[in-house]
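Scroll down for the structure; my scribbles are underneath it.
The values are calculated or read from the model by the stated rules, or taken from the named source; none is laboratory data. Keep in mind it's a predicted model, so treat the numbers as computed, not measured. Here Cβ is always computed from backbone atoms with ideal geometry, including for glycine, and neighbour counts include all displayed protein chains.
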Amino acid sequence: MKKIAAALIAVSLAMPAWAGGETASNPDAQVYFVNIEDGDTFVSPVTVIFGLSGMGVAPAGTEKDNTGHHHLLIDRPPLGEGEDGADELSYGLPADEHHVHFGGGQTETKIDLEPGQHTLQLVMGDLGHVPHSTPIVSDVITIVIE
């Protein structure tokens, strides 16, 4: 019994880093920030343009291979990490001040941020806001608001 429990714990610790939902992604797909780089300084509001290669953008609820829609993670741990990391990989991303959904297929936004440092990460979600089976995520970048 102890061996089974140890094996289950080992598997559960290994999976959350990149276990995603059930929707397949193109292994060559990449999501990235078009107009922002790590360390950039801005005055709020900040225009953020989302880039995607290897897949297409489609509104939430659209069931079409190799598509998804953008989510912007603000001031939170990278996708799959933190208190709710495993849940968001399997069940979907919440909608709150740290998880902004672009379910209409939008590819840019303006965000208001308080002065200071902020982290940003882009994540593609499938028709139900769940990251793909191999999640498509950008690097986490840090920007400064004056």
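Residues of segment 51-63 that are loosely packed, with under 13 Cβ neighbours inside 10 Å and farther than 11 Å from Gly103 by Cβ: Ser53, Glu63. For segment 134-146, the set of residues classified as under 18 Å from Pro59 (Cα atoms) and not in a loop (DSSP other than H, G, I, E, B) consists of Val137 only. Screening Asn26, Asn66, Asn35 for residues that are surrounded by 10 or more Cβ atoms within 10 Å (Cβ to Cβ), within 16 Å of Gly105 (Cα to Cα), at pLDDT 70 or above and not basic (Lys, Arg) leaves exactly one candidate, Asn66.
Residues in segment 74-98 that are in a strand (DSSP E or B) and in contact with a His (Cβ under 6 Å, 6 or more places away or on another chain): Ile74 only.
If you go through segment 114-144 and pick out every residue that is farther than 13 Å from Leu72 by Cα, modelled with pLDDT of 95 or more and crowded, with 18+ Cβ neighbours inside 10 Å, you end up with 1. Scanning segment 104-133 for residues that are of a type outside the set (S, T, N, Q), part of a loop (DSSP other than H, G, I, E, B) and under 17 Å from Ala58 (Cβ atoms) yields a count of 8.
So that you can scan it fast, the table gives a plain yes or no per residue for (1) touching a Leu at 6+ places or on another chain (Cβ under 9 Å); (2) closer than 24 Å to Glu37 by Cβ:
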position	(1), (2)
Tyr91	no, no
Glu97	no, yes
Gly103	no, no
Ile111	yes, yes
Leu122	yes, yes
Pro131	yes, yes
Ile136	yes, yes
